[in-house]
Ligand code: 5GP
């Protein structure tokens, strides 16, 4: 049997995390090493390894992840703005091979990102 990803273990409550929001398809948790005053991870319950391996049939799920980010930002009243980030692959800084969207807010963000 395939080893569960770190985020699957969080989703099934084998590993604790601060859960901020849960939907049928996704879990939103607080990042363990926050890079901004607000740093949440929007994680699909389905373990898609990374965006480059997402399938056409997962289009609706991918859209729902963005809408979940929007709902979380609205609930938290992040009216000054927020940034959504997906790290895809080693050079982009991906460290957990289970797709997730970072939501960062609460400080000014530089551009280009590091
Ligand atoms: P990546 O580097 O793959 O884009 O993002 C992985 C993120 O997961 C990192 O920001 C890292 O801090 C976070 N992370 C790693 N392990 C844990 C954990 O056990 N719990 C939580 N809540 N976040 C984690």
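Read-outs: derived from the displayed coordinates by stated rules, not from any lab. These numbers were taken from a predicted model, which means no experiment stands behind them. Virtual Cβ from ideal backbone geometry, glycine too; neighbours counted across all protein chains shown.
So the values come out like this:
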{"item": "In nm, spacing of pseudo-spin labels at residue 25 and residue 55 (7 Å Cα→C-beta vector)", "result": "1.5 nm"}
{"item": "Förster-model FRET efficiency, 25 Å R0, residue 5 and residue 80, C-beta, rounded to 0.05", "result": "0.15"}
{"item": "Computed lengthening from residue 14 to residue 71, 0.36 nm per intervening residue step minus Cα-Cα distance", "result": "17.9 nm"}
